[in-house]
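Laboratory data are not the source of any read-out in this text; all were calculated from the coordinates shown. Keep in mind the model is a prediction, meaning the values are calculated, not measured. Ideal geometry is used to build each Cβ from the backbone, glycine not excepted, and the neighbour counts take in all protein chains shown.
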């Protein structure tokens, strides 16, 4: 049975995927929402040529072609999907999309219908990072025409990041440590 031209298409849940831990949390949440709402899941990985579009236009013969960058972005998206869902796949209808452009603009191009839902990771970021890189979540929340679900990072991820920072400082090259000196939480 096919839908008529006047019938609305299935509800869509678009989710930004970058491969980061925050985007994996957002992807899991988007999948839960898609199952609950019986909607299609549209994972989106946005990419740009290194240096941005202007640099790509100026460069006469890049070492890696635009097609190669797009292929690598597609591989990164597939790896992120495998990291979250394993080899069994999504088990949901939808479409994985590799979109060329800045993440915020690409996500808003895809999640443009009023009945779409846009799911994004809303990571905690320091002042310096925010100053150097604009927030995709703020961009989407301010400009979206559909509802936006900003998913905070997992509290466990924050703890793991803190442990990694402490251990990276302690395990500088040229120093020796025993396993007992490492500050790694462990429960028996």
Q.
At 7 Å along Cα-to-Cβ for each site, give me the label-to-label distance between residue 83 and residue 160 in nm.
A. 0.9
Q | Mean Cβ count within 10 Å, highest first, over the residues of peptides 65-72, 76-83, 28-35 | A | 28-35, 76-83, 65-72
